[in-house]
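Asks: This is the structure I want to talk about, given as structure tokens.
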Amino acid sequence: MRKRLLWSLIALTCGVLGTGIWFASSVNSSYVVPPQEMQSWLKNIDMNVWEASDKSFYVQEAIGSQGIVLEYPKQLKNDFLLTFNIMSLTSEAEIRLGFGKKGKKYETEVKFSDRSNKLKFYKNKVLLLEKDIKQIQPDIFYNFELRRKNNIFVFAIDGNEVLKAETDHNPVSISLDIVGFPDNPAAVEIMDWIIKN
């Protein structure tokens, strides 16, 4: 009788632990985006030149383009982490990483440049913050990280937190905008786009 009770308790404990592990893994799922999938995110695909390999996604503005716009097709709910590596293949380009929804959109803006750099943080196109940050140079991969925990949004470059701000906790859409200059169209390579939600 004691053996049966002991085995029942062990089975019950394993079942509860297994359910907890399944719940935790389903809530905190991680998705590594294949580079080939990213071409479907291009908002103006006819105005960009792109190529996807097994490891990276290359995209360049075409002549007359208004920039590169990649829109992640799924909304992120609750807490999330987005991380990716990006390298500019042109001497200068502006990068805007936006999240939010219509009527409430936040954007961070940094530049690939051989000069000093500033980070700008906008809400609905209104500048909330501007500060000096470490120079982001062309031809070098940088890791960009965007995360939200509770109502706190954090933006980090190469593991260094460059922005921390209070936002809301509503589901959001993510977009990556890259804009070059008329005589120097933007071209970037993106690797390891990972979403944890």
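Please treat every number below as a calculation from the coordinates, not as lab data. In this text the structure is predicted, and so the values were computed from the model without any measurement. No Cβ is skipped: glycine too gets one built from the backbone with ideal geometry, and neighbour counts run over all protein chains shown.
Asks: Quick one: in the stretch 91-183, what % of C-alpha pairs are over 15 Å apart? Each step should come with its number before you reach the end.
Replies: Values: 2587 of 4278 pairs.
Summing the P(r) of the stretch 91-183 above 15 Å gives 60 percent of all pairs.
Asks: Okay, next question. Can you give the Kirkwood hydrodynamic radius for the stretch 26-130, in Å, rounded to one decimal and based on Cα pairs?
Replies: Evaluated over the stretch 26-130, this radius sits at 15.8 Å.
Asks: Taking 0.36 nm per residue of separation and subtracting the Cα-Cα distance, what length does fully extending residue 78 through residue 166 add?
Replies: Using 0.36 nm per residue and subtracting the Cα-Cα distance, I get 30.3 nm.
Asks: Two decimals is fine: what is log10 I(q)/I(0) at q = 0.10, 0.14 Å⁻¹ for the stretch 33-196, from a Debye sum with one equal scatterer on every Cα and no solvent?
Replies: Those come out to -0.34, -0.69, one per q.
Asks: With each pseudo-label sitting 7 Å past Cα toward Cβ, what's the residue 184-residue 29 distance in nm, one decimal?
Replies: About 4.2 nm, to one decimal.
Asks: Continuing with the same structure: Round to a whole angstrom and tell me the spacing of the C-alpha centers of the stretch 75-94 and the stretch 174-197.
Replies: Answer, in whole Å: 7.
Asks: In addition: Residue 62 to residue 115: FRET efficiency via 1/(1 + (r/R0)^6), r the Cβ-Cβ distance, R0 22 Å, to the nearest 0.05? Intermediate values should be presented prior to the final figure.
Replies: On the way: r = 26 Å, r/R0 = 1.20.
Calculated transfer efficiency: 0.25.
Asks: Taking 0.36 nm per residue of separation and subtracting the Cα-Cα distance, what length does fully extending residue 101 through residue 135 add?
Replies: Working: separation 34, 0.36 × 34 = 12.24 nm, distance 2.99 nm.
Here the answer is 9.3 nm.
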